[in-house]
Amino acid sequence: MVANFHVAEAPGSQQSVAGETLCIGLNKPELITLVFALLASNAILSKIATGIARDGWIYAAINTFEVSAIVWGGLAIGLRYAWRIEPTTINSLDKFVAVAAFLACLLPLSPLTWPFMSVVAIYFIATSSGSTSDQAHAGWIFLAVTVPMFWSKQLFSVFSNFFLAIDASLVAGITGTERTSNIVAMPGGAGYMQIAAPCSSMANVSLALLCWVLFTQVNDMRWRPRNMLWCGLACLSVVSINVFRITLIGYFPQHFDLLHGPIGASVVSWLSLIVVVLICNYGVRNGRNSTL
């Protein structure tokens, strides 16, 4: 159903939007919010179900249902910006994107929803009224969310040996033992440990990047060289925490189940979250007045 209506002038606004086009009874903020909410739900539900089936409700909740708390925060903030978008006219291309998103959610291919979300986010960034508009903020945030949820995994699948070798080199440097590719000798000759893909620091780095994007978008901060140093420090912190955990496994293999299991994963996840948030918050506050 298509209808016309008049939008009342918002406080402090000089103009009102008249004759705004609605799509199935929705205005533009509602339409964009619904599109991103549908895509996110379709992509995440399978991970939630997997986490509950494998670990049970308690551990799944502690592990934020197989989805990082940073990603949950990004989705919430992105939807908040989408809901605040200025109610402008919905054009034919907006309607096409909305229908395509709905059809994509009907397909039983939830992982492929993330790249589609990237395309939708880029579209709304390109059609926003400016880099500081709520629509642009929402687009950048949802685009950034797809990095740890999809694109970093694809990058890792291509360069997995390289990334795992970096982690192994760091662990071997701390323990002072030999390394071959992603296999590191344990201290004291207790054996060898292989650093597998789930233990890579790559996923944590992509989450640190997402957290930095969230802080910069919320604070309307430009990406200057000095500010990027704080982003790099956040990435370095999560790598350090992950490498420290692997090193502990090498020194205390008898506690493998504790360090490598759900409890160890939860501790590392929440510790990484706290450290990254603190660094990003401090970096944004100090970088806001930077001219470099």
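The values are calculated or read from the model by the stated rules, or taken from the named source; none is laboratory data. If you're wondering where the values come from, they're calculated on a predicted model, not measured in any experiment. Cβ placement follows ideal geometry from the backbone for every residue including glycine, while neighbour counts extend to all protein chains displayed. Please note that ligands, DNA and RNA were not included when accessible areas were found on the heavy atoms of the full protein model with its side chains. Shrake-Rupley method; radii C 1.70, N 1.55, O 1.52, S 1.80 Å.
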Whichever aspartates and glutamates have a C-alpha closer than 14 Å to that of residue 47, once near sequence neighbours (fewer than 8 apart) are set aside:
55, 66
How would you rank 177-185, 26-34, highest first, on the average number of other Cβ atoms within 10 Å across their residues?
26-34, 177-185
Run the 1.4 Å probe and let me know the accessible area of residue 221, rounded to the nearest 10 Å².
20 Å²
When the chain is treated as a GNM, springs tying every alpha-carbon pair under 10 Å, which of 212, 57, 83 comes out with the largest mean-square fluctuation?
57
Please turn the phi angles of segment 180-190 into ³J(HN,Hα) values with the Karplus equation 6.51 cos²θ - 1.76 cosθ + 1.60 (θ = phi - 60°), one per residue in order, whole Hz, x for glycine and proline.
10, 6, 9, 10, 10, 6, 6, x, x, x, 6
Relative contact order of the chain: what whole-number percent is it, with Cα pairs under 8 angstrom and at least 6 residues apart?
16 percent
On a 0 to 90 degree scale, rounded to 10, what angle separates helix 262-287 from the longest Cα axis of the chain?
60 degrees
Relative to the longest principal Cα axis of the chain, at what angle does helix 225-251 sit, 0 to 90 degrees, rounded to 10?
40 degrees
Per-residue HN-Hα couplings for segment 86-93 [Karplus 6.51, -1.76, 1.60; θ = phi - 60°; Hz; x = Gly/Pro]
4, x, 9, 5, 8, 8, 5, 5
Which residues qualify? For residue 192, with a placed amide H closer than 5 Å and at least 5 residues away or on another chain, they are 186
May I ask you to evaluate 6.51 cos²θ - 1.76 cosθ + 1.60, the Karplus curve with θ = phi - 60°, for each residue of segment 104-118 and list the ³J(HN,Hα) values in order in whole Hz, giving x for glycine and proline?
5, 6, 7, 7, x, 10, 4, x, 6, 5, 4, x, 5, 4, 4
Label-point separation in nm, residue 190 to residue 45, each point 7 Å along Cα→Cβ:
4.4 nm
Most to least packed among 90-99, 41-50 [average Cβ atoms within 10 Å]:
41-50, 90-99
Does anyone have the angle between helix 152-175 and the longest principal axis of the chain? Alpha-carbon axes, 0 to 90°, nearest 10?
40 degrees
